[in-house]
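Input: a single structure, listed below in structure tokens.
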Amino acid sequence: MATEAASYPHAVEREDAPAEPVDYAAINAVYGALLTALVVTTRDRAREDPIMGREFLPIAAATFALSKVIAREKIGSWMREPFVDQTGGERRPRGRGLQRAVGELVSCTRCVGAWSALGVVGLRLASPESGRVVTNVLAASAANDWLQSGFKLLCGAVNRTEQR
């Protein structure tokens, strides 16, 4: 524990100590490196088969669905488990340093959304046909999620009206 505290001089020696700026910088560096690699490796293919404006909504919906699965759904718990303590419905990042920073990331749908967008767009650019298939499957999943939520709200409103 003394070794860990020495590498994070401002961290308090306790389990709920916040991540340090260097931990967030490491995550940002990985994201930046992946984004740069994506741009460089798909440059020629992106000219041949660019992402069109009509693809924006399905890609956005796919990103929404993927980030929700990772950050919120039970089936994504295996990805969160090393970084997040989950008790009941409450999720809290665990550990210190980079582990905690990753725990914060994978618990936040908006944060995971940026990484999901990188993956969805990257697949679309690297392998356009596969990217379209994955995007459409995830977009349909997002539409189903929205429809299920709307149906639940509608049923709740009808039930409240009938009870009056």
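The values are calculated or read from the model by the stated rules, or taken from the named source; none is laboratory data. Everything numeric here is computed off the predicted structure, so don't read it as measured data. In this analysis, Cβ positions are derived from the backbone assuming ideal geometry, glycine residues included, and neighbour counts consider all displayed protein chains. Ligands, DNA and RNA are excluded from the accessible area calculation, which covers all protein heavy atoms including side chains. Shrake-Rupley method; radii C 1.70, N 1.55, O 1.52, S 1.80 Å.
Taking a ≥ b ≥ c as the square roots of the eigenvalues of the Cα gyration tensor, segment 86-164 is classed as oblate, since a/c reaches at least 1.5 and a/b does not exceed b/c.
Test of understanding: extend the Cα→C-beta vector of residue 143 to 7 Å, then name every residue of segment 49-93 with backbone N under 17 Å from that spot. The answer is 54-66, whose backbone nitrogens lie closer than 17 Å to the label point. Between residue 111 and residue 155, the distance separating the two model label sites (each 7 Å from Cα on the Cα→Cβ line) works out to 3.3 nm. Sorting the segments 88-98, 40-50 by their residues' average number of neighbouring beta-carbon atoms within 10 angstrom, most packed first, yields 88-98, 40-50. Protein heavy-atom accessible surface, 1.4 Å probe, per residue over segment 86-164: 62 Å². Let me know the shape class of the chain, please: from the alpha-carbon gyration tensor, a ≥ b ≥ c as square roots of the eigenvalues, rounded when a/c is under 1.5, otherwise prolate if a/b is greater than b/c, or oblate. It comes out oblate by the Cα gyration axes. Nonpolar atom fraction for segment 77-164, defined as the carbon and sulfur part of the 1.4 Å probe accessible area, stands at 60 percent.
Counted as membrane-span-like here are DSSP H helices of the chain whose alpha-carbon atoms extend 20 Å or more along the helix's own axis and whose Kyte-Doolittle mean is 0.5 or above; these are 56-71, 109-126. Label positions at residue 28 and residue 86, each projected 7 Å from the Cα along the C-beta direction, are separated by 3.0 nm.
Surface listing: 31, 24 arranged by accessible area from highest to lowest gives 24, 31, probe 1.4 Å. Note on exposure: 74, 68 ranked by accessible area (1.4 Å probe, complete protein assembly) read 74, 68, with the most exposed listed first.
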